[in-house]
Every structure is written in structure tokens, then in C-alpha cells.
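The values are calculated or read from the model by the stated rules, or taken from the named source; none is laboratory data. Keep in mind that this is a model prediction, so the values were computed, not measured. Glycine also receives a Cβ, built like all others from the backbone with ideal geometry; neighbour counts cover every protein chain displayed.
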Amino acid sequence: MHEMSLCEGILQVIEAEAQKQQFTEVKQVVLDIGVLSGVEISALEFAFEVVMYGSVAEKAILKINEIEAQAWCMSCAETVMINQRYDACPNCESYQLQVSSGDEMKIKELEVN
Ligand SMILES: [Zn+2]
């Protein structure tokens, strides 16, 4: 499961930070998840609980920022909103779009004790 390995990666980052910053408990984890990342939020929440069990982030609250997808349209020469990676431009129907956001999967914030 994609979400499981994502959470394992997050835990690695948290554990490395815990060593560096010497914290023992994570209170909150805020993630940026783009709508194009293919991550299913409910699966991610489940995987988070499973993976963080027994770690410094066991009691952490998971907050997810869903990032909307945007692309640069070459014909319109402006940024437009899209719903899927291979969508056409909503203004001119062109497929010459360059996705500029929406596929991120990253830790935005760690709140620790
Ligand atoms: Zn356009």
C-alpha cells in the first residue's frame, strides 16, 4: 500500500529529527498532500496510526492539508486550476499544461514536546 510506505518515510524523518532536536513526543504532524499525489486520505490516516504505533509519534494528531492542483497553461499564459493530471485547460481546452502544484507529499510541520 502506497500510504503505508509514505508513513514509513514520515516516521524516518520524525525519528531523525527526534535525535537531532532531542524531543521525546510528537504532538502534531501536519502534512501537505496534493490532490494529484494519488494518496487516499482515509487510507493515509489508517496507515499513520499503524506505523506510528510504539514510536515517538504514537500520540500525534495527524492534520492533512489538501493542496489543490494548479497548472501553467501555455496558450493562456496563466495559472489554471485542474482536477486531474491530464485535464485540459478549463479556459481554452488546450492540453499544453505544465502541472505546477498538486503532487506534493511532505511534512509541513511537526509540533513536538
Ligand atoms: Zn488555457
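Here are some residues: Val50, Val39. Which one is in contact with a Leu (Cβ under 9 Å, 6 or more places away or on another chain) and not in a strand (DSSP E or B)? Give the derivation first.
Values: Val50 fails: in contact with a Leu (Cβ under 9 Å, 6 or more places away or on another chain).
The unique qualifying residue is Val39.
Looking at Ala43, Ala77, which is the one that is on the phi > 0 side of the Ramachandran plot and aliphatic (A, V, I, L, M)?
Details: Ala43 fails: on the phi > 0 side of the Ramachandran plot.
Just a single option satisfies the conditions, and that option is Ala77.
How about the range 54-84: which of its residues are surrounded by 12 or more Cβ atoms within 10 Å (Cβ to Cβ), within 16 Å of the ligand (Cβ to nearest atom) and part of a loop (DSSP other than H, G, I, E, B)? Once the filter is applied, which keeps residues that are surrounded by 12 or more Cβ atoms within 10 Å (Cβ to Cβ), within 16 Å of the ligand (Cβ to nearest atom) and part of a loop (DSSP other than H, G, I, E, B), the range 54-84 yields Met74, Ser75, Cys76. Residue count for the range 75-94 satisfying the condition of being at pLDDT below 95, more than 18 Å from Val39 (Cβ to Cβ) and touching an Asp or Glu at 6+ places or on another chain (Cβ under 9 Å): 0.
If only residues of the range 1-36 that are part of a helix (DSSP H, G or I) and buried (at least 16 other Cβ atoms within 10 Å of the Cβ) are counted, the one that is farthest from the chain's Cα centre (by Cα) is Ala18. For Ala47, the test of being under 18 Å from the mean Cα position of the chain (by Cα), surrounded by 13 or more Cβ atoms within 10 Å (Cβ to Cβ), within 16 Å of the ligand (Cβ to nearest atom) and of a type in the set (A, V, I, L, M) is failed.
Anything in the range 85-108 that is assigned to a strand (DSSP E or B) and within 10 Å of the ligand (Cβ to nearest atom)? List them, or say none. Answer for the range 85-108, where residues must be assigned to a strand (DSSP E or B) and within 10 Å of the ligand (Cβ to nearest atom): just Leu97.
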